[in-house]
Amino acid sequence: MSSTAYFFQQFINALSLGSIYALVTIGLAMVFSILRLINFAHGDLMMIGSYAILMLFNAGLPVWTAILAGVAISGITGIIMERLCYRPLRGSAEMNTLLTSFAVVVLLENGAVLFFGPNTQPFGILNFIQPTLAVGSLLISKIDAITVVLTLAILILTALFIKKTTLGISMRAVADDLTASQLVGIPLNRVIVSAFFIGSLFAGLAGLLWSARAGKIFPLMGFIPVVKAFVAAVIGGFGSIPGAVIGGYVLGFAEVFFVALLPPDFQGYRDAFVFVLLIIILLVRPQGILGAKAMERRI
Amino acid sequence: MNINAISISFGGVKALDDYHLNLAPSRILGVIGPNGAGKTTLFNLITGFIRPDSGHIYFGDEEITHWEPHRIARKGISRSFQNICLFNRLSVIDNVIVGCQIRQHPSLLSALFKTPGFKRNEKKLRDSARRLLSVFGLEKQSDQRAMSLSYGDQRRLEIARALAARPKLLMIDEPAAGMNPRETEDLLALILKLRIEFDLTIILIEHNMNLVMPLCETIQVLNYGRLVAEGTPAEIQQNPEVIDAYLGDENDIASHGS
Amino acid sequence: MHSGRQAGYTFMALGLFFLGIYLLSAYGNHYYQRVGNLMMIYVILTVSLNLSSGIMGISSLGQIGFMAIGAYVAAILTLPPGLKERWLTGLPHWMHSIQTGLLPAMLLAGLLAAVVAFLVGIVILRLQGVFAAVATLGFLIIVKVIAENWMTVTRGGRGLSALPAYTNLWWTSTAAVVTIYAVWRILKSPHGRSMIAVREHDLAAQSVGINAPKIRLLAFVISAFFTGIAGALWANLIGVVSPGSFYLWLTLLIIIMMVVGGMGSVTGSVISAVGFTILLELLRGFENKIAMYGISYIIFAVVFLLMIIFRPEGIMGDREFSWRNVRRIIPLP
Amino acid sequence: ADTVKIGVIENLTGSMASLDQPSLNGVKLALKEINDAGGVLGKKVEIIVRDGKSDPATLATVVEEILGKGVSALTGLSDTTMVLAAAPAAQRMGVSFVSSGATSPSLPDEVGDCLFLEPFGDNVQAAAAAEYAYNDLGAKSVWVLYDKAMDYTYLLQRYFCDRFGGLGGAIISKATYQTGDTDFRAQITSLKSKKTLPDILFISSGPDEIGTIVKQVRDMGIKIPIVGGDGYDTPLLAKVAGPAAATDIYFTTHVALDSKGTKAFVENYNKMFGHPPENGFAALGYDAFKLIVNAVKNANSADPKAVKTALAATQGFKGVTGTINYPKGIRVPQKSVTIIKVDGGKFIFEKEVMPSEIPAP
Amino acid sequence: MILQVTDLEVFYGNIQALHGISFNVEEGETVTIIGSNGAGKSTTLLTIAGLLKPGKGEIKYLGTSTKTLPADRIVRRGISLCPEGRRIFSSLTVYENLIMGAVQRRDRKKIRADVKWVLSLFPDLNSRLDQAGGTLSGGQQQMLAIGRSLMSRPKLLILDEPSLGLAPVLVNQIFNVIATLKNDGTTVLLVEQNARRALEIADRGYVIETGRITMEGSSTFLKSNDQVKSAYLGG
Ligand SMILES: Nc1ncnc2c1ncn2[C@@H]1O[C@H](COP(=O)(O)OP(=O)(O)OP(=O)(O)O)[C@@H](O)[C@H]1O
Ligand SMILES: Nc1ncnc2c1ncn2[C@@H]1O[C@H](COP(=O)(O)OP(=O)(O)OP(=O)(O)O)[C@@H](O)[C@H]1O
Ligand SMILES: [Mg+2]
Ligand SMILES: [Mg+2]
């Protein structure tokens, strides 16, 4: 393998890892931008979506039907979650909602262990898609290509939605000032539920692709993606959807290239390097790369 | 206080352009001008919350242009905020005590061991805060949280907190906003009294001419960040440019003011 | 109420508390002693977290990183020399022959945690809200990664074991009392008021002369100091430190304890740490009875959700215990 | 007492649950068989189960709780760190602890004379793998990938490299990942960029990651044989990687689950739990428990001290996972190692070996 | 009668802010409530808008009770409150702020026309349509807040201290706008510290003291009342 081929292969690896991170992050950022809520249970929505797809598929549903239904189930779970856990807390301190989402994680993960058992299960739903595509000496995984396209499509659609539609602007207004949105007559519950539903659909979709890449699912599988997404969202600028995508790619590239470029003895420090990078980015741009341009608080 | 040719712009908009000020001790200066003229920006510059693009600010004989806000405050400049900025969940009296603390550097150890000096100090702080609150008519609310005060009372508390820091220069941004004419009159009397009691130099931003005209010795008028007029209240009131851009055609002071 | 009398009550309460500690360590079984020790460690962790997060308002997910530092420092110091020489080849030679007791280990653990907090704080405390949260989480992960990879000093993923079991109820309870006292005194001092002022409105606080970054750093460092001490106690209680022990579950647990107790209330933190330790043990008992493992955490999460929904400000809000209030309910002499 | 009490500590929730729950199932199966056969010393056997929640502090607490109930011995746990948190309390009380799944050979010495391993040490299986790779597969060079966050995976590759190097093999380079990673392509690409490719890959991984790793290795067009340890011993390997990818893989483990000696175990397990054993830890849990009961019988007493002495003297105990002998003063059993070959997703018994030289723990 | 409030009591936690307030507003009228700081004016308005829930009492709008309706449903019925302290959406642009005022409306064309209309009332905003609301000066924010509440085309417009922080010219302008609205038939409920001007423009007024209505009457009556003069209008 020539060194340029090596570089390009690693580039493709980074791109593919970045897109799945980006896809997970979009949903998280969406909910955050509306509710100022870091929904750590986002990863568990991925888990629930994946289990639903697998169970429906095993029950005999055609693949695509199972996938649609599973993604919808994760959307609906999101709505239920909002109704039961987040709505009663609306408007309370950031720390409270953050913790609540952690509590939801504890609830769902332990529930899933009880319900599905702790063991890993194979997830081969998308195996019929031929794994790799060879371009010259480069290998591109088809699932990854699909992920990239899907991520970009979702990015464009949500960005337009948030900027241009009344529902989108309402979501930002709710994010800005809950009381004032009530005063101008924004139907709060409807707006928030919509945001949650969309975010959770994205979680379901991301769950599908994540599980297909890993080839397996297990009750605690949501944890790592949500932490990565949290980091990516912050790098990109929390609340900004394009920022989420950029953050996802930055993270993907950082992880792959730390491993690619560092001697093996240092590979173990990958996550530490990633966080050092994150902190540096934040010191230069405290609001993240695309975070609302450091709008000073007027006093 | 001495300000030399400061300018600042936000994304192309000149919020303050080549502004000058020379203020002798114990004077009261009024700054008026249309909304968005740059008055609050001026306050933010003087108190160090934003940095000018160019120009210099002197207080006494020191240049404070690039100082941190807390250092400027310790030097003797206190302010109130146009958009109320209280310590919401602290009690009213603690808001004032935090202001009073400015001249103190008790060590952490004295607090840990609750030395007699520490106790004496705490009592002194509380007493002087209580005195200030009673001056502002807030003594009854002293144990409530600041956020539970009504708008007008919050404005008073802002001024009380600023005063608690025993400033040489007091800068108040629209203190009479949200007060009715009667309350404005009381405020006027109060400021006059405090000025003597604390030997204050005052810069005041206010849209209510009922407060500005009788109180200020000099008035500056800003428009689009530029100083357009400076003079005594009487002069300003007659200035056609000011009437046109700010006071309004019918000059409300005559027809509606008191 | 007369302040001398209040002090009298306080001393009496302390006396009763230590009498209880004496009875437990002399006559209680190992299990109760162990729970008691953990309870006191949780009290220290929660109260010190409250100083930086509740009172000072720093959204920190990295507190347990300081505990990890404290625990490793104490582990390295108290590890028997023979093992040290065999395992920790990265340590300077003179350290191989040193084995300290618990007190020096504790103090050094706290000190090193504080020093790290100082360095980290200078960088991280410039960030706010979620940004601070993720940066502190980053700190936690960095600590874990270093512990996992620095083979010659931390022994990597295997962790350090065979630590002497120095920790007992006397140590933990004394450390807890000292922590509570110190945080309480700070809260009631000008420093404490400045902290709250900065939390409530940092710009306004600066306008009355408070050096906001400095006071935030102070709170962060003090809090890390006590957390480091808790780490040392933990290390010599459990006997093994490993990177995975100081991670998200513990982080979550102490934040929950703090929030349910009331952010800003020392009393609340104490009540809540004690309460949750007992609650978790009871729930575990229940779980064992019905043999549905995992149900205790589910109930725990539900209890927390209900608490936060119906009492979002926590058990105590930001109020504190006072003898005056006790007298209102129970007639004391 | 009218029953013999044995404590079982497992991490039934949290990150270790996928190893420890099968282990507990193994214990339950053994318990049922023993009690159906009349118990031991004429008494029924009773287990006291506690969940350690994959958390050292919880483990340290529950072990005190169990010890307070007067047990004859303890078993459970599949991870060294977890054992280190739980076992010292048992050591203090003089109650023996048979670790069902932890395989670090130095563990007994770190805790004391009450700690016994049921499985062989990692040094034994790693040496077996190295000898098999060098002699039988004819491998002269190896590339190593291991999980840096886990004690087991670290030690396994270390012992492997010791022995493989000792035989004269070359270690081309090593790469690492972290538990929970799902993407290994950066590491695999760096392998592909090597000027000369190694003869084998030694991948030291836990059961949850190995399937994904194998899948990605094969997806990236690498057909080199893969060698590993008992972490591979799970149906997941074939199912996650797919039959096409799960080929030309060799691993060491305790027992071939399809061999004659284990047939009854697998069948009974299936009958009791409705599915075959999830992984090798089920058999280990089963054996560890029977080993303790065997010691109770040999001691003719349920007293912890006597049980400990009897355990230390165990000779020729036949379990599902092999025959256990504790040589004098050594509490890691000398057991033969089973080598399994994976071909088209099928596990095929290759041979049973005893390594000729074992790296020091 | 467009609005009828009877015996309203409102609590903040344990603190009672309103002790039984009754008043009413007729269709097309402009009514003002005056009172000193902390009297309970804002509390009253927030309760009408549905942001605070009354402990006791009744609020009837166009004959039906609004007590249990959520705030957005109240807006839909035609009540719009421009709150004290502006509360514009600081991260939204000026234009988006205005659009949010009309979030309940579906008639896109007319919304666009109304944006033009509001901008004609407050020409200062014209050049700032794409500026983030939060960066406006205090007075500009106030104009935006009023403009935003006009965007819902309310039947009953409630203004809480609309002249707060405005330059004298703009105060004139705001009062002119109120006068225009009044002529167009909008009912206005006005709370204003500039009591003199409020009474000038209003038809009737109420005086509120520590949570109780202590006086009511026509504007001319109140203006000439000695008590009102000394307590609220100043010497
Ligand atoms: N951070 C900022 N970003 C962008 N523009 C700003 C910023 N701060 C101030 N401005 C602009 O600078 C100008 C001056 O604002 P400033 O707040 O100083 O006005 P002001 O004279 O205090 O007005 P008012 O009387 O309404 O309070 C305004 O046009 C405002 O929009
Ligand atoms: N959030 C709150 N929590 C507790 N008490 C409050 C709160 N808001 C207002 N109050 C109390 O309710 C009473 C009425 O306040 P309100 O804001 O209605 O007065 P106001 O008449 O609007 O005064 P202003 O002219 O100063 O705006 C005051 O005593 C105030 O202290
Ligand atoms: Mg201003
Ligand atoms: Mg008001």
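The values are calculated or read from the model by the stated rules, or taken from the named source; none is laboratory data. These numbers were taken from a predicted model, which means no experiment stands behind them. All Cβ positions, even for glycine, are placed from backbone atoms using ideal geometry, and neighbour counts span all protein chains on display.
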The residue that is modelled with the highest pLDDT, considering only those in the stretch C:194-224 that are closer than 26 Å to C:Ile64 by Cα and hydroxyl-bearing (Ser, Thr, Tyr), is C:Ser223
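May I ask you to list the residues in the stretch C:178-204 that are more than 7 Å from every other protein chain (Cβ to nearest Cβ) and free of Cβ contacts under 8 Å to residues at least 40 places away in the same chain?
C:Val178, C:Tyr181, C:Lys188, C:Asp202
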Of the candidates E:Thr187, E:Thr220, E:Thr210, E:Thr214, the one satisfying the condition of being crowded, with 17+ Cβ neighbours inside 10 Å and among the β-branched types (Val, Ile, Thr) is E:Thr187
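Determine, yes or no, whether B:Leu86 is more than 16 Å from ligand 1 (Cβ to nearest atom), of a type outside the set (S, T, N, Q) and within 14 Å of chain E (Cβ to nearest Cβ).
Working: more than 16 Å from ligand 1 (Cβ to nearest atom): yes; of a type outside the set (S, T, N, Q): yes; within 14 Å of chain E (Cβ to nearest Cβ): yes.
Considered against the rule, which asks whether it is more than 16 Å from ligand 1 (Cβ to nearest atom), of a type outside the set (S, T, N, Q) and within 14 Å of chain E (Cβ to nearest Cβ), B:Leu86 comes out as yes.
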Given (1) without any contact (Cβ under 8 Å) to a residue 12 or more places away in the chain; (2) part of a helix (DSSP H, G or I); (3) touching a Pro at 6+ places or on another chain (Cβ under 7 Å), C:Lys144 misses just (1)
Among residues of the stretch B:130-160 being under 18 Å from E:Gly38 (Cβ atoms) and of a type in the set (D, E, K, R), the residue farthest from the other protein chains (Cβ to nearest Cβ) is B:Glu139
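Of the residues E:Leu150, E:Leu164, E:Leu170, E:Leu144, only one is farther than 28 Å from E:Gly234 by Cβ, within 16 Å of ligand 3 (Cβ to nearest atom) and surrounded by 21 or more Cβ atoms within 10 Å (Cβ to Cβ); which? Steps first, answer last, please.
Values: E:Leu150 fails: within 16 Å of ligand 3 (Cβ to nearest atom); E:Leu164 fails: farther than 28 Å from E:Gly234 by Cβ; E:Leu170 fails: farther than 28 Å from E:Gly234 by Cβ.
Every option except E:Leu144 fails the conditions.
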Taking the stretch E:195-214 and keeping only residues that are within 15 Å of ligand 2 (Cβ to nearest atom) and either more than 14 Å from chain B (Cβ to nearest Cβ) or at positive phi (or both), one is left with E:Tyr206, E:Thr210, E:Gly211, E:Arg212, E:Ile213, E:Thr214
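Quick grid of which residues meet (1) under 28 Å from D:Asp183 (Cβ atoms); (2) at pLDDT 95 or above:
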position	(1), (2)
A:Leu35	no, no
A:Ile38	yes, no
A:Ser50	yes, yes
A:Leu68	yes, yes
A:Val71	yes, yes
A:Leu98	yes, no
Discussion item. Any residue at all in the stretch E:185-195 that's within 16 Å of ligand 1 (Cβ to nearest atom) and among the hydrophobic types (A, V, I, L, M, F, W, C)?
Written reply: no
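How many residues are β-branched (Val, Ile, Thr) and modelled with pLDDT under 90 if we restrict to the stretch A:175-216?
From the stretch A:175-216, those β-branched (Val, Ile, Thr) are A:179, A:184, A:186, A:191-193, A:198; that's our starting set.
Still in the running and modelled with pLDDT under 90: A:179.
Counting residues in the stretch A:175-216 that are β-branched (Val, Ile, Thr) and modelled with pLDDT under 90 gives 1.
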Checked pairs for the stretch D:1-18, first surrounded by fewer than 24 Cβ atoms within 10 Å (Cβ to Cβ), second outside any loop (DSSP other than H, G, I, E, B), C-beta under 7 Å and 6 or more apart or across chains, list as D:Asp2/D:Lys43; D:Thr3/D:Lys43; D:Thr3/D:Lys44; D:Thr3/D:Val45; D:Thr3/D:Glu46; D:Lys5/D:Glu46; D:Lys5/D:Ile48
When every residue in the stretch E:2-45 that is on the phi > 0 side of the Ramachandran plot and surrounded by fewer than 23 Cβ atoms within 10 Å (Cβ to Cβ) is compared, the one farthest from ligand 3 (Cβ to nearest atom) is E:Asp7
Subset of the stretch A:113-141, residues more than 9 Å from every other protein chain (Cβ to nearest Cβ) and of a type in the set (A, V, I, L, M), comes to A:Ile125, A:Leu126, A:Ile129, A:Leu133, A:Val135, A:Leu138, A:Ile140
Of those in the stretch A:215-266 that are among the hydrophobic types (A, V, I, L, M, F, W, C) and part of a loop (DSSP other than H, G, I, E, B), the residue nearest to D:Ala244 (Cα to Cα) is A:Phe218
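Suppose the filter is among the hydrophobic types (A, V, I, L, M, F, W, C), within 16 Å of ligand 4 (Cβ to nearest atom) and touching a helix residue (DSSP H, G or I) at 6+ places or on another chain (Cβ under 6 Å); does B:Ile93 pass it?
So B:Ile93 does not fit the description; no.
Would you check which residues across the stretch A:82-134 are part of a loop (DSSP other than H, G, I, E, B), touching a Pro at 6+ places or on another chain (Cβ under 7 Å) and crowded, with 17+ Cβ neighbours inside 10 Å and list them? Even if it seems obvious, please write down each step before you answer.
Residues of the stretch A:82-134 that are part of a loop (DSSP other than H, G, I, E, B), as a first pass: A:90-93, A:117-120, A:123-124, A:129-131.
Subset that is touching a Pro at 6+ places or on another chain (Cβ under 7 Å): A:92, A:118.
Of everything in the stretch A:82-134, just one residue is part of a loop (DSSP other than H, G, I, E, B), touching a Pro at 6+ places or on another chain (Cβ under 7 Å) and crowded, with 17+ Cβ neighbours inside 10 Å, namely A:Pro118.
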Note on the stretch D:172-193: residues assigned to a helix (DSSP H, G or I) and more than 8 Å from every other protein chain (Cβ to nearest Cβ) are D:Ile188, D:Leu191
For the stretch A:250-267, the count of residues that are in contact (Cβ under 8 Å) with a residue 40 or more places away in the chain, surrounded by 23 or more Cβ atoms within 10 Å (Cβ to Cβ) and touching a Ser or Thr at 6+ places or on another chain (Cβ under 8 Å) equals 1
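Looking at the stretch B:62-84 only, could you name the residues that are surrounded by fewer than 17 Cβ atoms within 10 Å (Cβ to Cβ) and within 15 Å of the chain's Cα centre (by Cα)? Show your work before the answer.
First pass over the stretch B:62-84, keeping only residues surrounded by fewer than 17 Cβ atoms within 10 Å (Cβ to Cβ): B:62-63, B:66, B:68, B:71, B:83.
Correct list: B:Asn83 only.
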Counting only helices (runs of 4 or more DSSP H) wholly inside the stretch D:5-112, the ones holding at least 2 residues that are within 14 Å of chain A (Cβ to nearest Cβ) are D:17-36
Here the residues within the stretch E:12-51 that are away from every other protein chain (no Cβ under 12 Å), more than 14 Å from ligand 4 (Cβ to nearest atom) and assigned to a strand (DSSP E or B) are E:Gln16, E:His19, E:Gly20, E:Ile21, E:Ser22, E:Phe23, E:Asn24, E:Val25, E:Thr30, E:Val31
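Quick check: anything in the stretch E:178-194 over 16 Å from the mean Cα position of the chain (by Cα) and either part of a loop (DSSP other than H, G, I, E, B) or more than 12 Å from every other protein chain (Cβ to nearest Cβ) (or both)?
So in the stretch E:178-194, the residues over 16 Å from the mean Cα position of the chain (by Cα) come out as E:183-184.
Then drop every residue that is not either part of a loop (DSSP other than H, G, I, E, B) or more than 12 Å from every other protein chain (Cβ to nearest Cβ) (or both), which leaves E:183-184.
There is at least one residue in the stretch E:178-194 that is over 16 Å from the mean Cα position of the chain (by Cα) and either part of a loop (DSSP other than H, G, I, E, B) or more than 12 Å from every other protein chain (Cβ to nearest Cβ) (or both).
Looking at the stretch D:229-247 only, could you name the residues that are within 22 Å of the chain's Cα centre (by Cα) and surrounded by fewer than 20 Cβ atoms within 10 Å (Cβ to Cβ)?
Pass one, the stretch D:229-247, residues within 22 Å of the chain's Cα centre (by Cα): D:229-241, D:246.
Listed by number, the residues that qualify are D:Pro235, D:Lys239.
In this structure, is E:Thr135 within 14 Å of chain B (Cβ to nearest Cβ), away from ligand 2 (no atom under 16 Å from the Cβ), in contact with a Ser or Thr (Cβ under 9 Å, 6 or more places away or on another chain) and of a type in the set (Ser, Thr, Tyr)?
Working: within 14 Å of chain B (Cβ to nearest Cβ): yes; away from ligand 2 (no atom under 16 Å from the Cβ): yes; in contact with a Ser or Thr (Cβ under 9 Å, 6 or more places away or on another chain): yes; of a type in the set (Ser, Thr, Tyr): yes.
So E:Thr135 passes the test.
Of everything in the stretch D:115-150, what is within 14 Å of chain A (Cβ to nearest Cβ) and part of a helix (DSSP H, G or I)? Give them in sequence order. It would help to see each step written out before you state the result.
So the first thing to find is which residues in the stretch D:115-150 are within 14 Å of chain A (Cβ to nearest Cβ), and the list is D:142-150.
Listed by number, the list is empty, since nothing qualifies.
Go through the stretch C:65-132 and tell me which helices (runs of 4 or more DSSP H), entirely inside it, have 3 or more residues that are of a type in the set (Ser, Thr, Tyr). Full working, then the answer.
Values: elements: C:81-87, C:93-96, C:102-124.
Those helices (runs of 4 or more DSSP H) do not exist here; none qualify.
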Every listed condition ((1) modelled with pLDDT of 95 or more; (2) touching a Leu at 6+ places or on another chain (Cβ under 7 Å)) holds for C:Trp170 save (2)
